[in-house]
Structure formats: C-alpha cells, structure tokens
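Let me begin by presenting the structure, written as structure tokens, before commenting on it.
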Number of protein chains: 2
Amino acid sequence: MTQREYSFRGEISQEMKTVAENEGVKENEILNNIKEGTVVILKNKVHNIKPIGIGKNLSIKINANIGTSPYDFNLAKEIEKLKIAEKYGSDTVMDLSVGGDIDKTRKILIKEAKIPFGTVPIYQAFADILKAGKNIEDLKITDFLKVLQKHAEDGVDFVTIHAGLTRKALEASKKRKMPIVSRGGALLGEWMSKNNCENFLYEYYDDILDILKEYDIVISLGDGLRPGCIDDATDEAQLMELFVLGELTERAWDKGVQVMVEGPGHVPYNQIESNIILQKRICKGAPFYILGPLVTDIAAGYDHIAGAIGAALAARAGADFLCYLTPAEHLSLPSVEDVREGVIASKIVSHAIDLIRGNFKAIERNKKMSEARRNLDWDAMFKHVLDPEKAREYREKSKIGEHIECTMCGDFCSVKRKF
Amino acid sequence: MTQREYSFRGEISQEMKTVAENEGVKENEILNNIKEGTVVILKNKVHNIKPIGIGKNLSIKINANIGTSPYDFNLAKEIEKLKIAEKYGSDTVMDLSVGGDIDKTRKILIKEAKIPFGTVPIYQAFADILKAGKNIEDLKITDFLKVLQKHAEDGVDFVTIHAGLTRKALEASKKRKMPIVSRGGALLGEWMSKNNCENFLYEYYDDILDILKEYDIVISLGDGLRPGCIDDATDEAQLMELFVLGELTERAWDKGVQVMVEGPGHVPYNQIESNIILQKRICKGAPFYILGPLVTDIAAGYDHIAGAIGAALAARAGADFLCYLTPAEHLSLPSVEDVREGVIASKIVSHAIDLIRGNFKAIERNKKMSEARRNLDWDAMFKHVLDPEKAREYREKSKIGEHIECTMCGDFCSVKRKF
C-alpha cells in the first residue's frame, strides 16, 4: 500500500508516525493531509531510509542537486558532494547524472545516501539513446519505462516527470526570450518537434503512475517550461503547463500516487507570491517544490543569493520544498564547495521561514545562538551556527589571540559595555 | 544654501539637475521630494564629488562600510576595500574607523573615494577620549562637536548621529536578550549610565544641526537600539527610539538639514514590512537606510545572504538605501574579499527591486543578459553580469575547452536543443 492508500483507509502508517514525531505534529493531521494531498512522505518501499514529510504545517525542506555531466564525471567527487550536502543539513538529494556510467553512479550514491533520494529518469533515457548511437527522436516510451523501473528498484524516493509539457505549451514557449531552459523540457521539446507527436510522458502517464505506485515513489511534476529569464515569467507557456500539472496532480492522486509540483525559475520579485498562490490553487494544495525563484538574471556566480531572496518570499507564501542553487548555476557543474554554499543559502531561508511559522526546533536554536552571543561564548556560537567550520575559520584567520571580542569593534565591542 | 533651502525657494540646484538626469526623473519631482523630505542628495558643499540622490522614486542605493578597528588597522587594506566597493558598484562608502590614526585614515580615504562618503563621528570622539587616557564618561559635547567639525571640513557627505537613544529607551533595552548591539549606541549607553545624564547628542541636537547645515551634510539618524536578535525585534526599546527619531527628523527639516533614518537589525521575516511602514509613517517619509534586516541569528559566515533576504523585502516595502553586510559580520573585520561579496549581495537586492519598480537601466541590463544567454555568448554574459571576474573564473576553472556550453549539462544544454 502507498501512503495515500493508507490515508484512504484512515490507517496511520509507520512512516506517518515517524514524520509526526519528527515534526512535532499530530499523527492524525499527517494522515488527513496526505489524504487531501497537501503532505507527501518521501520513502520508496524498497529503500531503507528514514522517511521525511514535505508540505502543509511541516518544516520547510531543502534539496541539493548533485550528479555528473558529459564533460565532468567523477564519482568520488559526487560522493563528496552528497556527504557535504548531508553534513550541512540538506533534507534530500537529487542525482541529475548524465555523464559516465549513470547506473553505477546512481547505485553507489543511493547506497551512500542517508537521506531521501530523487532522480530525473528522462535524463538517463535520452543519454542512453545517444550512447547507443541513436538520436533524441528515437526514444520510445518503453525505453523510458525501463529506465524508470531501474530507478524504482534501486530505491529512488522521488522522480521528476515533465508530463505537463504539451505541444500547445511548446508552441507558446516559442514566443519567449528564452524558450526552454529546463534540461528535461528542452530534450522533450526536441523529441516532440522531430516526431511531430504529443509528449510521451503525457500520453503514457498512467503507465508511469503504475510503476510509481508499486514503490510508493512520489511524483514531482516537472516544470519543463519554467521561465529562464525575468521577462518570460508567468507567461502563457508557463501557465498552460501549470494547468496541465493541475490535471496530472488529480490523476496521480486518484491512482494512489503522492504528488509534488515543481515551480519556477526566473521570476521578478513582485510576481513570486502570485505564482505560489496560483500554483497551490491550480494544483489543489499539492506541496510546491521550487527552484529559486531567481529575482534577477545578472547574478551568475552568486545565484545562490538571488535564489535565496526569491525562495524566502515563496516559502512565506506557501512553497514547501526548496531546491538549492549554487554559485556555479549558469556557469558550470558545481564543485564540492559550491554545494556547501548552496545548501547553507537554502538553510538560511528554511530556518528564517520555520522561525516565523513557530517551528520549535528553529526557535530554540536561534535563542541559544543569541544567548551565546550575549555571553561572548564562541564555542557555543560555533555549536549553533549553520556552518561551524566557516565561522571558526573567520575567527582564526582574524588572529584575535586571547581577546574575547572580535576584530570588528575590538575593545569597542557593544556586548562588553556597561550601562 | 542647503538643498532643502533651495527647495523651499522652489529653486532647482545644480545637484538636483545632476540627480534628475542620472535617475531619469524630472527636476521638479526631485525638488518637490527634497522639500517634502522624501529625497536627500548626498554632497557636502566642500566635497568635490558627483552628488547622488536617495529616496522616493529613485533607484535603490547601497553602502559599503569600511574602516579600521583597534586590533586591525591597515590603511592600505582599507583603501583596497574602498576600491573594490567602488568597482563592484557600491553607491557610497562609510568609514567606521576606530583604530590607528583615525584622522589620517579618513582624510586619505575621502581623497581616494569617487563616491559619497559617510562617517559615524561619535566613534572617533570616544576613541580619542580613551587614547587620551580618560574614560568613556569623560567625553563632553564640545569634544564631540570638534570631531564633527573636522569631519565636516574634510568633506564628509553624511553622518550617523545616535540622537534618538534617550534614557527612557535605554531603560527599556535592559529587558532584552541583547540590550544594545550598536557600537555607537552601546558607548552612549555607558556614557549616559555612568554620568546619570540624558544623551548629549539629544540635548545638543541643535548645535549638531548647525554644523551639518553649514556643509549641507545629510544627517543619518542612527538606531542605537536596533534589535540584535530575532527575539528583540520591534520591541518597546526600538519603538521608543523610533518615535524620538520622528521628532528629530522634523527638527532637522525645520533647520534646513536633510535627513535619512536608520533601521534594524535582526528582524523576523514576517515583521519586516511592518517595520518599514511604521518607520515611514513615524518619520514622515524620510528615506530609510537599513542594515539587513537579518532574518535569522544563526547565519554567521553568511550574513550577507541572511541580510539580502531581509533587504529585498524591506526595499520592496519602501526602504531606500541598503547598508551591506559581509560574510564576516559577527565574526571579524571584513577582508577585501568580504567587501566584494557584501557589495554584490546588496547589488542583487537593489537590482531585483529596481527591476520591479520599472528602472530603465536595470531592465535594459537584464534584457541584454538574457539575449547573451540565448546566444550562448559568454563575452556578452561576462559584460552584463554583476561580477565578471567571478563568472569568468567559474568558466575557466571548469576546463570547458572549446565547447560552447558549460559543464553543467554539456551537450544536453537546453539552449542548444532544436524544437
């Protein structure tokens, strides 16, 4: 049985208990929210992992993307990225590999991972076709389903499926400055265009759901037409796809499959809240999984910051799950250090929003940090800060010696003044 | 005559013309807004500098704090910080020096600076007293006015004056987790407490205004009681000081002195907009100069990000001028590299908000970036991005060779797909 099927029966599963306990939320609330579709639990039936919940009244979760590319495939480095993402508190990880031995990479990463694991199976489906000397347009739905089945058997907990990108929306995307910037979306666009056919992920959606249901894999409905620049945000193409995602959300729910929906992209700061409200309305409250939104197009090298600015506003408006961006976005595959920076930027957002939603763990940690500051207790500060190593490094390289203050104000430290 | 005095007469000054032209705003609008107090122009009469405008309907401006501390005073390094702040687009710089030869540091920095220059004269006043072997409580208003006069003569364009920190508010601050975290505020608190006297900056406010008026220096009313942790935000102490700042705003306006008001601090994400609305209401629309707000207490090492998240929301709600935070905040005096990171984080915010307010320069730059991306034209991308050096570094270290895409997707690059 899937979590949704448990919820239809009114039966509290072991996974619901774990999530309820971890979040400090009542078990019945988790059950009801899974039933209404506003909460998902990530855990493939065959994956031995602590389940996590995402959605209504739960703490904000963050995801780190890792994985190889055709010009940069080094398994050891990807394992290191996984480890650093976990160390700094990423709740999940997604393997987006398209380079090297994709099966081997996934199997090893999933074995090493202590957190729920996601993939985008369409990447491997297209990569395999090209490796076999064929062309993009030669991919068949049967090839895709075989790849999906492998991912399912390996224990993947959630998968991105770009089934909402229909021909009509593809046509609309051609009016844009940046027609398609999603890797999966662009590959599918080429396939549809060359075959003069509807998106096979849309056409064979029920077959896809059958596999996902068997393993209780959460479907993450991909936004192949997420806007790739500020000027394209909230346009016809994006909204056409969103309406299809709303339809696909209900079809998955009806089959007993749990659903998340992915969202933009590059969005101007004054359109972010409307985007979240619209998505939640059209997709009937399904948890919203966002990338950014990036609030400017000119921040390459610092897109983790441009993304964090957008993510905070989105999370306050109701986004539930934040995909990190790293400083390498738009420039290269991220390094291990980029992964760390990306995770921390996302953690700042999730912590800031958890704080205002009354999350007891976030509030407690914040309080302890202030107490440590008031006492100029550096060891305690390093304990509660998001990145202890980085904070320590700053203090060490400032050569403060025996002084209890820092080099910012020295003896003029405000905390030392008596009044 | 000061800019305010020109505005009372309905006379458009050369400075107003320059600002109007630079911002693409009508000269009369600048004049009217200076008259109503919602715009200030930074330019000391004796300072040979291009004036900049801050406030209503103008682009968002950013400031970089530089300057020495008692344990870290290296003039060459501070000059380097000034240069890098200017290079990456800081609109102004403030010299917060309290270490080494403060007069010499300021004189050299102001000579090197091509952008408006601010100081916090109370720092030097207290530093001089301590250097003379006396105690905090020995400072006299005459000592302070002498320091202020020196800064004025050197061409300082704006000064922070913590005149709103009264004894009543000081008492209220004692209930806090972090009573006073502002350097100037804490020093004044100690002075008030030990002398059992009202804040001399409040008592002798008219004498201060007389000096500022002579040079048309903009007063930046300091928030000595800005909250130093999320739990202290928007409390009695902060609001008591804000009400006094409202009174002091009008007194300065009446004297013909231009006014900005400084704001918090650590503020939870759901209180930021209210803080801006309240400040604008109480201080009658005077331009608001913000530090952060920081949306969490646990981001040391990444406070430029926590600050950017708060600043974006604040700027959308009406904040006009953003003081950067660097990754070194709460840990040490910033390095040259920290200054660069802090400036870029603030530029991302100002650009994102300028975009949604229809600023033509911001929109144009953003458009050009998207065109460059669509064409995979890396040289054009590096031209329009906020930090060309960092973006180039990423591309170079990714060893992409002759490939036109990046190592993120390689041959799977969405921009290369045909549909």
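Given the conditions (1) within 14 Å of chain A (Cβ to nearest Cβ); (2) in contact with a Lys or Arg (Cβ under 9 Å, 6 or more places away or on another chain); (3) surrounded by fewer than 20 Cβ atoms within 10 Å (Cβ to Cβ), which single one is not true for residue B:301?
(3)
Inside region B:138-169, can you point out the residues that are under 19 Å from residue B:194 (Cα atoms) and crowded, with 18+ Cβ neighbours inside 10 Å?
Once the filter is applied, which keeps residues that are under 19 Å from residue B:194 (Cα atoms) and crowded, with 18+ Cβ neighbours inside 10 Å, region B:138-169 yields B:139, B:143, B:144, B:162, B:163, B:164, B:165, B:166, B:169.
Of all residues in region A:229-261, count the ones that are open to solvent by 30 Å² or more (accessible area, probe 1.4 Å) and of a type outside the set (Ser, Thr, Tyr).
Summing the residues that are open to solvent by 30 Å² or more (accessible area, probe 1.4 Å) and of a type outside the set (Ser, Thr, Tyr) in region A:229-261 gives 11.
Looking at this structure, is residue A:46 under 27 Å from residue A:286 (Cβ atoms), open to solvent by 40 Å² or more (accessible area, probe 1.4 Å) and among the aliphatic types (A, V, I, L, M)?
Yes; evaluated as a whole, the condition is true for this residue.
Being of a type outside the set (Val, Ile, Thr), modelled with pLDDT of 95 or more, farther than 21 Å from residue B:308 by Cβ and in contact with an Asp or Glu (Cβ under 6 Å, 6 or more places away or on another chain) is the filter here; which residues of region B:56-81 pass it?
Across region B:56-81, the qualifying residue is only B:67.
Limited to region A:381-419, what total is found for residues that are open to solvent by 20 Å² or more (accessible area, probe 1.4 Å), more than 7 Å from every other protein chain (Cβ to nearest Cβ) and of a type outside the set (Val, Ile, Thr)?
Total satisfying the criteria: 11.
Quick check, is residue A:86 outside any loop (DSSP other than H, G, I, E, B), in contact with a strand residue (DSSP E or B) (Cβ under 8 Å, 6 or more places away or on another chain), without any contact (Cβ under 8 Å) to a residue 40 or more places away in the chain and within 14 Å of chain B (Cβ to nearest Cβ)?
no
Is it fair to say residue B:371 is open to solvent by 30 Å² or more (accessible area, probe 1.4 Å), of a type in the set (D, E, K, R) and in contact with a Lys or Arg (Cβ under 8 Å, 6 or more places away or on another chain)?
Taking the combined requirement at face value, the residue satisfies it.
Pull up region A:170-188, narrow it to residues that are in contact with a helix residue (DSSP H, G or I) (Cβ under 8 Å, 6 or more places away or on another chain) and not in a helix (DSSP H, G or I), then point me to the one that is most open to solvent (accessible area, probe 1.4 Å).
Within region A:170-188, the match that is most open to solvent (accessible area, probe 1.4 Å) is A:175.
Which one of these is over 18 Å from residue B:334 (Cα atoms) and either touching a helix residue (DSSP H, G or I) at 6+ places or on another chain (Cβ under 7 Å) or among the aliphatic types (A, V, I, L, M) (or both): B:127, B:64, B:85?
It is B:127.
Taking into account only those residues within region B:304-323 that are open to solvent by less than 10 Å² (accessible area, probe 1.4 Å) and in a loop (DSSP other than H, G, I, E, B), which is nearest to the other protein chains (Cβ to nearest Cβ)?
Top of the filtered list is B:319.
Mind listing just one residue for me: the one in region A:262-277 that is touching a residue at least 12 places away in the same chain (Cβ under 8 Å) and surrounded by fewer than 17 Cβ atoms within 10 Å (Cβ to Cβ) and, of those, farthest from the other protein chains (Cβ to nearest Cβ)?
Checking each candidate, the answer is A:277.
Name the pairs: first residue in region A:126-143 and under 21 Å from residue A:205 (Cα atoms), second residue open to solvent by 70 Å² or more (accessible area, probe 1.4 Å), Cβ to Cβ under 8 Å, at least 6 apart or on different chains?
Cβ pairs passing all conditions: A:129/A:135; A:136/A:194; A:137/A:194; A:141/A:203; A:141/A:204.
Does residue A:356 count as at pLDDT 95 or above, facing chain B (nearest Cβ under 8 Å) and over 19 Å from the mean Cα position of the chain (by Cα)?
When the stated conditions are applied, residue A:356 passes them.
Name the single residue that is most open to solvent (accessible area, probe 1.4 Å) among those in region B:70-99 being farther than 21 Å from residue A:398 by Cα and small (Gly, Ala, Ser).
Checking each candidate, the answer is B:89.
Being more than 14 Å from residue A:70 (Cβ to Cβ) and open to solvent by 50 Å² or more (accessible area, probe 1.4 Å) is the filter here; which residues of region A:100-137 pass it?
A:104, A:107, A:108, A:111, A:112, A:114, A:132, A:133, A:134, A:135
Determine if region A:369-378 includes at least one residue that is under 23 Å from residue A:85 (Cα atoms) and at the interface with chain B (Cβ under 8 Å from one of its Cβ atoms).
yes
From the list A:58, A:31, which residue is in a loop (DSSP other than H, G, I, E, B), surrounded by 15 or more Cβ atoms within 10 Å (Cβ to Cβ) and not β-branched (Val, Ile, Thr)?
A:58
Quick check on my filter: what residues within region B:189-210 are open to solvent by less than 40 Å² (accessible area, probe 1.4 Å), out of contact with any His (no Cβ under 9 Å at 6 or more places or on another chain) and under 24 Å from residue B:137 (Cβ atoms)?
Passing the criteria: B:189, B:190, B:191, B:192, B:200, B:205, B:208.
Using the structure shown, decide if residue A:217 is in contact with a strand residue (DSSP E or B) (Cβ under 7 Å, 6 or more places away or on another chain), in contact (Cβ under 8 Å) with a residue 60 or more places away in the chain and not small (Gly, Ala, Ser).
yes
The values are calculated or read from the model by the stated rules, or taken from the named source; none is laboratory data. Just so it is clear, the model here is predicted, and its values are computed rather than measured. For neighbour counting, all protein chains shown are included, and Cβ atoms are generated from backbone atoms with ideal geometry for every residue, glycine included. Ligands, DNA and RNA are excluded from the accessible area calculation, which covers all protein heavy atoms including side chains. Shrake-Rupley method; radii C 1.70, N 1.55, O 1.52, S 1.80 Å.
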